[in-house]
Amino acid sequence: MQRNVESVATVHLHHCLNAVSILCLVHRFVNLALHAYHVEMTESLRSLEQICSEMQAKDAVSVALISKAYAFSKNAHAEQKRFSGASYFVHPAEVAYSLARIGMDPATIAAGLLHDVVEDAHIAEQVISTEFSPEVLSLVQGVTTLGTLKYRGVERHTESLRKLFAATAQDIRVLIIKLMDRLHNMKTLSHVKK
């Protein structure tokens, strides 16, 4: 009996380690690509209509959520600019558009629009929870946590991985939003000063 329990535990541990390895590889790939791969892209603003046209859920409640998040994020980032000189709002709109294109749900798309408002526009987390939902806030918090990951030394690397696993274990949509965030940043690297 003891051996069977140990065997099951060992198999389960191997499956967990394989999943963790895949997540580590994806995260490292995105980081490497962000620093090494330059793609020229004009920074044009995705309209609300473009985002909604790509969404799978087109019911009134879903469209209203995305419309509210679009307007909220646009207002929150109104004074901010990208390195290209374009409005900062180009970035969250592009992230949301990418999320809609891959078939993500409305809460994830809304979080894509709002993913930088807490950290960069200094909007209180309670406002996001009240105006949108605790679910959207949880996604935004997870993306913010992933944004703080840095790989410098073994101890920091271990802590960064812990944060990555904690955020993605709660909701894999956090990692998907962060990947779309990094993808857009990677496409606009030519505008970043060296």
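Any read-out appearing in this document is the output of simple, stated calculations on the displayed coordinates, not a laboratory observation. Values in this document were obtained by computation on a predicted structure and should not be read as measured data. Quick reminder, even Gly has a Cβ in these numbers, built from the backbone with ideal geometry, and neighbours come from all protein chains shown.
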Hypothetical label at Gln56: residues of region 101-128 whose amide nitrogen lies under 16 Å (7 Å Cα-Cβ projection):
101-110
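With 22 Å as the limit, write out which pairs from Lys68/Lys187; Lys81/Lys187; Lys58/Lys187 have Cα-Cα distances beyond it, or answer none.
From Lys68/Lys187; Lys81/Lys187; Lys58/Lys187, over 22 Å: Lys68/Lys187; Lys58/Lys187.
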Suppose the chain between Ser84 and Leu183 were pulled fully straight at 0.36 nm per residue; how much longer would it get relative to their current alpha carbon spacing?
34.0 nm
Highest mean first, what order results for 63-76, 117-130, 91-104, 175-188 on Cβ atoms within 10 Å?
91-104, 175-188, 63-76, 117-130
Considering just Cα atoms, how many Å³ per residue does the convex hull of region 58-132 enclose?
81
Name the residues of region 95-111 whose amide N is less than 11 Å from a point 7 angstrom out from the Cα of Glu49 along the C-beta direction?
none
